[in-house]
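Each remark here refers to the structure printed beneath this line.
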Amino acid sequence: MPTTENIFQQMEKLTADLVGLSLCDRQNFPSLRDTGKGYREIGIGARSNISYALRNISYHEIYEELDRTQTYNLRMLDGALIQMMYRFKNNQVESHRLAFFPSPFLEEFQNNPDIYLEDEIYSEVIMKSIVPFPLRFDFDSNKDSFVEVDHPRSHLTLGGYENCRIPVNAPLTPFHFIGFILRNFYNTAYHKYYDKISFFTHHFEESITIKEMNLLYIHVPAHTK
């Protein structure tokens, strides 16, 4: 299983890769904090307060607040924000929050596509039919948070819908999360640069139940129990 250091090093290396490839224009390298009693947290530099992202405010307001306070690991060239946070206890993953906030302000790209057609990073966002929406992969091993099917330990939330929790078979590593974002939202750039992005083989252990596997769910590389 990946240790705290493994995940921290993945985040550091992937951040450096995306900066080096000019796929993002602002970044916060990850921080690692000991919080006592065997707990360690990997966060966003000195910034970790994301509580406002959970309040009942519009997506535009959430995005603007995260951007203003630089509460992100990576800010892509089109303004999309990427967050990656993990909590470990005794080197076992306890929780993670991996979020993607596309910019709700794509009018400049969409109204002037000719300016951006030659740049791969923008080719995915210049169509006016695109509707930006946030997505988030959460994992929580706390037994008090788990409700089989209704609140899987690992799940994907789309668009901020309160009860949208699509089961995922295991926690995600930063490598699998960044790969998912690049393949699906920056596909042109991904195919151009995928062999220049660091590769990692770490997998977490599966956390999904048999009942959840009988539903539509997302499968990521994982160690089976």
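The values are calculated or read from the model by the stated rules, or taken from the named source; none is laboratory data. If you're wondering where the values come from, they're calculated on a predicted model, not measured in any experiment. Positions of Cβ are generated from backbone atoms using ideal geometry, with glycine treated the same way; all protein chains shown enter the neighbour counts. Quick note on the areas: whole protein, heavy atoms, side chains included, nothing else; ligands and nucleic acids left out. Shrake-Rupley method; radii C 1.70, N 1.55, O 1.52, S 1.80 Å.
Convert each backbone phi in segment 89-103 into a coupling constant with the Karplus relation 6.51 cos²θ - 1.76 cosθ + 1.60 (shift: θ = phi - 60°), then list the ³J(HN,Hα) values in order as whole Hz, x for Gly and Pro.
Computed from phi, the couplings for segment 89-103 are 10, 6, 6, 9, 5, 9, 7, 8, 9, 10, 10, 10, 10, x, 5 Hz.
Relative contact order of the chain, please, whole-number percent, based on alpha carbon pairs below 8 angstrom and at least 6 residues apart. All intermediate terms of the calculation are to be shown ahead of the outcome.
Values: 405 pairs, mean separation 39.1, N = 225.
That works out to 17 percent.
With Rg and Dmax of the Cα atoms in Å as the read-out, I listed (1) 17.4, 56; (2) 16.6, 48; (3) 15.4, 45; which label goes with the value calculated from this structure?
(1)
Roughly to the nearest percent, how much of the accessible area of the chain is carbon and sulfur, given a 1.4 Å probe? Intermediate results must be reported in sequence, preceding the final value.
Numbers: 5750 of 11590 Å².
Ligands and nucleic acids excluded, carbon and sulfur give 50 percent.
For segment 125-225, compute Rg over Rh where Rg is the Cα radius of gyration and Rh is the Kirkwood radius from the inverse mean 1/r over Cα pairs. Present the calculation step by step, with values, prior to reporting the outcome.
On the way: Rg = 15.2 Å, Rh = 15.0 Å.
Rg/Rh for segment 125-225 comes to 1.01.
Can you give the Kirkwood hydrodynamic radius of segment 98-156 from its Cα pairs, in Å with one decimal?
Numbers: mean 1/r = 0.0712 Å⁻¹.
After inverting the pairwise mean of 1/r, the radius is 14.0 Å.
For segment 176-219, state which chymotrypsin sites (Phe, Trp or Tyr not before Pro) are in a DSSP loop and have at most 14 other beta carbons lying within 10 Å of their beta carbon.
Numbers: sites: Phe177, Phe180, Phe185, Tyr186, Tyr190, Tyr193, Tyr194, Phe199, Phe200, Phe204, Tyr217; in loops: Tyr186, Phe199, Phe200, Phe204, Tyr217.
Passing both the DSSP loop test and the Cβ count: Phe199.
Taking H placed 1.01 Å from N in the peptide plane, check which residues at least 5 places from Leu74 or on another chain put their amide H under 5 Å from its amide H.
Asn28, Ile82
Go from 0 up to the bin containing the longest alpha carbon distance in segment 1-129, width 5 Å each, and give me the % of pairs per bin.
2, 10, 18, 19, 17, 14, 10, 5, 3, 1, 0, 0
With angles folded into 0 to 90 degrees, how steeply does helix 4-20 sit against the dominant principal axis of the chain? Use alpha carbons for both and round to 10.
10 degrees
At 222 nm, what helix-only mean residue ellipticity would the chain give, in deg cm²/dmol to the nearest 500, using -39500 (n - 2.57) for each DSSP H run of four or more?
Working: 7 runs with 59 residues, N = 225.
After summing the helix terms and dividing by residue count, I get -7000 deg cm²/dmol.
Counting only heavy atoms of the protein chains, get the accessible area per residue of the chain (1.4 Å probe) and round it to a whole Å² value. The partial results should precede the final answer.
Numbers: 11590 Å² over 225 residues.
Result: 52 Å² of accessible area for each residue.
Mean 1/r over all different Cα pairs, inverted: what Kirkwood radius does segment 157-205 give, in Å?
Details: mean 1/r = 0.0792 Å⁻¹.
One decimal place: 12.6 Å for the Kirkwood radius.
Obtain the nm distance between the two label points defined at Asn112 and Lys128 by a simple spin-label model: each point lies 7 Å from its Cα along the Cα-to-C-beta direction.
Distance between the two pseudo-spin positions: 1.7 nm.
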